[in-house]
1. Count, please, the residues in segment 163-198 that happen to be assigned to a helix (DSSP H, G or I) and modelled with pLDDT under 90.
2. Could you say which residue among 93, 86 is part of a strand (DSSP E or B) and modelled with pLDDT of 95 or more?
3. Kindly evaluate residue 158 against the criterion of being open to solvent by 70 Å² or more (accessible area, probe 1.4 Å), in contact (Cβ under 8 Å) with a residue 40 or more places away in the chain, more than 26 Å from residue 63 (Cα to Cα) and part of a loop (DSSP other than H, G, I, E, B).
4. Considering only segment 120-130, I want to know if a residue exists there that is free of Cβ contacts under 8 Å to residues at least 60 places away in the same chain, buried (at least 16 other Cβ atoms within 10 Å of the Cβ) and of a type outside the set (Asp, Glu).
5. Within the set of pairs 6 or more residues apart or between chains, which connect a residue that is β-branched (Val, Ile, Thr) inside segment 48-72 to a residue that is open to solvent by less than 40 Å² (accessible area, probe 1.4 Å) with Cβ atoms less than 7 Å apart?
6. What's the number of the only condition in (1) assigned to a helix (DSSP H, G or I); (2) in contact with a strand residue (DSSP E or B) (Cβ under 8 Å, 6 or more places away or on another chain); (3) at pLDDT 95 or above that residue 52 fails to meet?
7. Every residue in segment 73-83 that is over 15 Å from residue 130 (Cβ atoms) and modelled with pLDDT under 95, please.
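The values are calculated or read from the model by the stated rules, or taken from the named source; none is laboratory data. Just so it is clear, the structure is predicted and the values come from calculations on it, not from any experiment. Cβ: placed from backbone, ideal geometry, glycine included. Neighbour counts: every protein chain shown. With ligands, DNA and RNA removed, areas are computed over all heavy atoms of the protein, side chains included. Shrake-Rupley method; radii C 1.70, N 1.55, O 1.52, S 1.80 Å.
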Amino acid sequence: MSRPHTRKALLQAAIVAFAIVVTAGLPKAHAQASAPTPASASVASGAPCVLLFGQGRNFDPDQPAANRRWDEANSAFNLAAREPLVAAGLPVVNVVLPVSATDVPRNLQGLLAEVQRRGCTRVLETALFADVAQGLLIVRLRVYPVFGMLGPQAAGSLPRIGAVAYTQQKEFALDARVMDRVDPSRLGRVMAEEALTSLSPGAGRP
């Protein structure tokens, strides 16, 4: 008879192994990043931008090294997704939160404030995380329209993020045998290239 939680323990070990594998080949600048990535932008004058927001999901207060590696992998994924957007002439602002930022209402408030400050009308969310229950590594892009940025705005009001307008998701077995094929930077570039049509200024608007 198998011991209780054996499968979960094996998957948790696989998560740590994945984090080591995906960050082993990252450029040095990515490998050293552990704090929230400062917002950066290539915003044309007067043009509404795309806020490229990224964060992992697998925070474990007892695994600081694994947390750091998840942050590095998500940063690499997010920054690579920027490349085809900029190449297509879209103004982009990158914001990446660490997995330790688990206060969802505070995160949302900060995101809305950044959207308003930068004048972004779309949010492209990047996420790379493990779903232990399903035994999957999930790599996902989601596009959300932002409402309340165009036209007159009431004093003190914040914009509103609409429902998901586009989702692209890739799934991999949470298994060491396939983990060496998962490259966050390559996935970021390829997936963002495929998502470009959903990021036209009018996409997702009523």
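1. Of all residues in segment 163-198, those assigned to a helix (DSSP H, G or I) come to 176-179, 184-198.
Those still in the list that are modelled with pLDDT under 90 too: 176-179.
Selection size over segment 163-198: 4.
2. Answer to the check: 93.
3. Here the answer is yes, as residue 158 does meet what is asked.
4. no
5. Filtered contacts from segment 48-72: 50/85; 50/90; 50/91; 50/92; 50/120; 50/122; 50/124; 50/199.
6. (1)
7. Taking segment 73-83 and keeping what is over 15 Å from residue 130 (Cβ atoms), we get 75-76, 78-83.
Scanning segment 73-83 gives no hits.
Residues are listed down the side, and each one gets a yes or a no for (1) buried (at least 22 other Cβ atoms within 10 Å of the Cβ); (2) more than 21 Å from residue 138 (Cα to Cα); (3) touching a helix residue (DSSP H, G or I) at 6+ places or on another chain (Cβ under 9 Å):
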| site | (1), (2), (3) |
| --- | --- |
| 66 | no, no, yes |
| 74 | yes, no, yes |
| 79 | yes, no, yes |
| 100 | no, no, yes |
| 104 | no, no, no |
